[in-house]
Amino acid sequence: MPAVKFAAVCLPIPVRTAFTYAVPDALVEGLVPGRRVKVPFGPRTIAAWFVGWAEPPEPGESGKPVETKQLLALLDDGPLVPPELIGLASWIADVYACSWGEALSACVPSGVRKETAEATVARAHLTGDPDASRTLVAMLAEKHPKRARLIRILLDHPDGIAVRDLLRSAQCTESPLQTLEKAGHVRIERRTLDLDPFAGAAAEALVDVRLTPAQAVALDRIGAAIDAQRPETFLLHGVTGSGKTEVYLRSIRRAVAAGRQAIVLVPEIALTPQTVARFRGWFERVAVLHSALTDAERRRQWRDIRAGRADVVIGPRSAVFAPVPTLGLIVVDEEHEPSFKQQSSPRYHARDVAIERASRTGAAVVLGSATPSLESWHAARNGQSTLLTLPTRAGGGTMPRVEIVDMVEEASQVKRVTLISRRLVKLLDDAFKRKRQAILFLNRRGFASALFCGRCGGTVKCPRCSLSLTLHRAHGTILCHHCGSEGPVPNSCPDCGGPGLARLGSGTERLEDAVRAVFPGVRMARMDSDSMHDRESYESVLGAFGRGELDLLLGTQMIAKGLHFPGITVVGVISADQGLAVPDFRAAERTFQLVAQVAGRAGRAEDPGRVVVQTIQPKHTALLRAAAHDFEGFAARELEERRKFHWPPFTRLVRALVTARTDDAARSRAAEIATAARAMLPDGAGDVLGPSQCPIHRIRDRFRWHAVVRAADVAVQHAVVLRLARFSPRAGGTELTVDVDPADLT
Ligand code: ADP
Ligand code: ZN
């Protein structure tokens, strides 16, 4: 009788051990590591990952062989994950404290894992005419804010909107939409995707430029690593427009010419048809992994990539797992962007995963940025990576002139608080007269960020979160930016009944009013997540701006990044202080990055461009250095501070976040964890901050406490992670999240 074979199987559940299953003879042949299998688990059957053969299980205590459950079936037509990624997933599980199965599942998009991949997308339309729908909104607003929100968004989209985008914008699940559909207010139509935003991204004509000396040096060094199949990491530091993309493209060409593939990671927000078109101009076989793909398309792309039918794969964070057969190069563009860190388990950082994956396969990594993260900058200064610098704009354009305007001084001179300084008004006026364009950046949506009661001194808070509600005038509601809950605008203070609430803090809606008051005839569009629900509206506004049909764009983050419009000569940063007030050790770094990025939008053509940064802290280093385009000066000073106060990159953080329905439960579990972490840290190996209330103390009715471990080095950090991973993620109504190298501490 042939011996029974046993399989090591990883389940996509937060249990960090592999499970052993007996393999029926009929299934032995098709079993290849990386293949998904169906297994019984408790009362359920679930899809899991076969990772290798296992020893027969040890006999139980009585000496009798333990009964091993059997594999039920093989899934898919072969392994979904190549051996290289199985190893990488195991590394992720260890480093980020998740299970191997969870890490494997993170490597493969859910659309690929689904047994029946959807070939269609659902679109929602309103059935009634706009007036009837508006009446409906008014009726629903108070009792059913989610339904009201859905209809309001649909009103902005006469041609319908993809259900996925609709639900994301409205921050709700499918259930309120289904209610509206049943009541006949909304029609949902399924159709095959004919609006793939990138299908139309035709290849952009290739312009053959002569590399600047700095570009040539960079390409030489990167090319040498690619040719030698040496896993070297490069930090390509160059101001916006210095020709970094040009270096990426030529480096990729080196890898592709050698029969290898490249992965290009870009922040989701920068994954635009323009970006893709540029790559298509250079390479024929470009795969784009974007969020609008249907499951069926995603599946097809995945197969193509695995089969080596794509030379270049472009995508956001998760594209770092693209199963290319022979990886030659990974580019991480805008490597400092926080969106490369995943905010749910596994909480990996795509930049660090890229470096690990490359080191396992002999590929090169290029991290590009005008404002590198201090982690990457420090690593380059220490020789852990190779620094390459592009000091000037490639096309010959100059950097814009940045002026800082002190808004306290401004208020005392004009005798009132204003949103747009006289200096900025003057520059805008000049620009509009010369038929030039401008952008105004204010990183806060809505009209007013709080309603303030003069009698009790409080602000109107979300009933579920410890946060002030934002007034959205267009909707006539107050909205929580954390949980999405929404309500009517109160006339008096809900706490003390005091009359007349003051509107504090300004958002993009109020800025729109302020601009209109000064420049009544200006053609402008507002870009924030309230006004832009999907890629179509985003593209259509940018298209109009590009054609010169608009004079001004104002908005949040959305306009800060990656826009390339030569017509922009004036950029205004309305309130540079917002980011500085965030209680996080990276506040200054983030502010520097944002101001530098926004400023980089100006003066890309012959016209040098002007930037006005409005602030109440005109002497803040981050602002002064950003105004001087002095990244190195900023980094040097900021690193000094970090060293002095023991923050990364001089320490490595692990955050243990505990949430619970009661404050006490969250606090005491956080205390227990902090004590365990302290007990295991030898002298000089680091310290533990907390337990302390998180800066945002309550979200969605859950109280939040944390302990932050600052480990002296990565080995200590890893030991701490292993220790914390032994705590159960759920206990006594509390939930524990272990976040390694957290991107924020709020
Ligand atoms: P970055 O990625 O750093 O923002 P790009 O590679 O997009 O910079 O280059 C900015 C602009 O300058 C592009 O229009 C590009 O075609 C052009 N450019 C790049 N390198 C050169 C060069 N060596 N000579 C002339 N123009 C260049
Ligand atoms: Zn809330």
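The values are calculated or read from the model by the stated rules, or taken from the named source; none is laboratory data. The structure presented is a predicted model; accordingly, all values stated were derived computationally and were not measured. For neighbour counting, all protein chains shown are included, and Cβ atoms are generated from backbone atoms with ideal geometry for every residue, glycine included. For the accessible areas, the whole protein counts, side chains as well, though only heavy atoms, and no ligand, DNA or RNA atoms are used. Shrake-Rupley method; radii C 1.70, N 1.55, O 1.52, S 1.80 Å.
Quick notes on this one:
- Cβ-Cβ under 8 Å pairs, at least 6 apart or on other chains, segment 178-189 side on the phi > 0 side of the Ramachandran plot, far side assigned to a loop (DSSP other than H, G, I, E, B): Gly184/Thr127
- Residue within segment 326-341 that is surrounded by fewer than 21 Cβ atoms within 10 Å (Cβ to Cβ), at pLDDT 95 or above, closer than 30 Å to Pro742 by Cα and within 21 Å of the chain's Cα centre (by Cα) present: yes
- Scanning segment 145-186 for residues that are of a type in the set (D, E, K, R), at pLDDT 80 or above, under 13 Å from Leu126 (Cα atoms) and touching a Lys or Arg at 6+ places or on another chain (Cβ under 9 Å) yields Arg152, Glu181.
- Any hit, segment 490-510, residues being closer than 30 Å to Thr569 by Cβ, in contact with a Lys or Arg (Cβ under 9 Å, 6 or more places away or on another chain), of a type in the set (Asp, Glu) and surrounded by 14 or more Cβ atoms within 10 Å (Cβ to Cβ): yes
- Count - residues of segment 347-368 that are touching a helix residue (DSSP H, G or I) at 6+ places or on another chain (Cβ under 7 Å) and either surrounded by fewer than 21 Cβ atoms within 10 Å (Cβ to Cβ) or not in a loop (DSSP other than H, G, I, E, B) (or both): 14
- The residue that is nearest to ligand 2 (Cβ to nearest atom), among those in segment 443-461 that are open to solvent by 60 Å² or more (accessible area, probe 1.4 Å) and touching a residue at least 40 places away in the same chain (Cβ under 8 Å), is Arg444.
- In segment 571-589, the qualifying residues are those that are outside any loop (DSSP other than H, G, I, E, B) and in contact (Cβ under 8 Å) with a residue 40 or more places away in the chain, and the one that is nearest to ligand 1 (Cβ to nearest atom) is Val571.
- Filter result for Asp534 (outside the structural domain of Arg702 (by TED's automatic domain parsing) and under 30 Å from His290 (Cα atoms)): yes
- Residue ranges of helices (runs of 4 or more DSSP H) in segment 70-138 with at least 1 members open to solvent by 20 Å² or more (accessible area, probe 1.4 Å) and basic (Lys, Arg): 110-113
- The conditions of being within 16 Å of ligand 1 (Cβ to nearest atom) and either modelled with pLDDT under 95 or in the same structural domain as Asp129 (by TED's automatic domain parsing) (or both) are met by Val239.
- Options Thr361, Thr371; residue that is under 23 Å from Thr569 (Cβ atoms) and outside the structural domain of Val613 (by TED's automatic domain parsing): Thr371
- Any hit, segment 429-438, residues being open to solvent by 30 Å² or more (accessible area, probe 1.4 Å), more than 27 Å from the chain's Cα centre (by Cα), assigned by TED's automatic domain parsing to the domain that holds Gln597 and among the hydrophobic types (A, V, I, L, M, F, W, C): yes
- Test: residue in segment 549-570 that is in a helix (DSSP H, G or I) and over 22 Å from Asp513 (Cα atoms): no
- When Thr371, Thr389 are screened for being within 27 Å of Arg210 (Cα to Cα) and open to solvent by 30 Å² or more (accessible area, probe 1.4 Å), only Thr389 passes.
- Within segment 673-686, residues that are more than 19 Å from Arg726 (Cα to Cα) reach partners that are of a type in the set (S, T, N, Q) with beta carbons closer than 9 Å, at six or more positions or on different chains, in the pairs Gly686/Thr651; Gly686/Gln717.
- Number of residues in segment 18-29 that are in contact (Cβ under 8 Å) with a residue 40 or more places away in the chain and exposed (fewer than 14 other Cβ atoms within 10 Å of the Cβ): the value is 1.
- Per-region count, segment 476-498, residues farther than 21 Å from Arg147 by Cα and either in contact with a helix residue (DSSP H, G or I) (Cβ under 7 Å, 6 or more places away or on another chain) or within 16 Å of ligand 2 (Cβ to nearest atom) (or both): 1
- Filtering Arg473, Arg464 for residues that are open to solvent by 60 Å² or more (accessible area, probe 1.4 Å) and within 14 Å of ligand 2 (Cβ to nearest atom) leaves a single hit, Arg464.
- When the test is whether a residue is basic (Lys, Arg), surrounded by 17 or more Cβ atoms within 10 Å (Cβ to Cβ) and away from ligand 2 (no atom under 16 Å from the Cβ), Arg710 passes it.
- For Pro648, the criteria (1) out of contact with any helix residue (DSSP H, G or I) (no Cβ under 7 Å at 6 or more places or on another chain); (2) over 30 Å from Leu504 (Cβ atoms); (3) assigned to a loop (DSSP other than H, G, I, E, B) hold in every case but one, which is (1).
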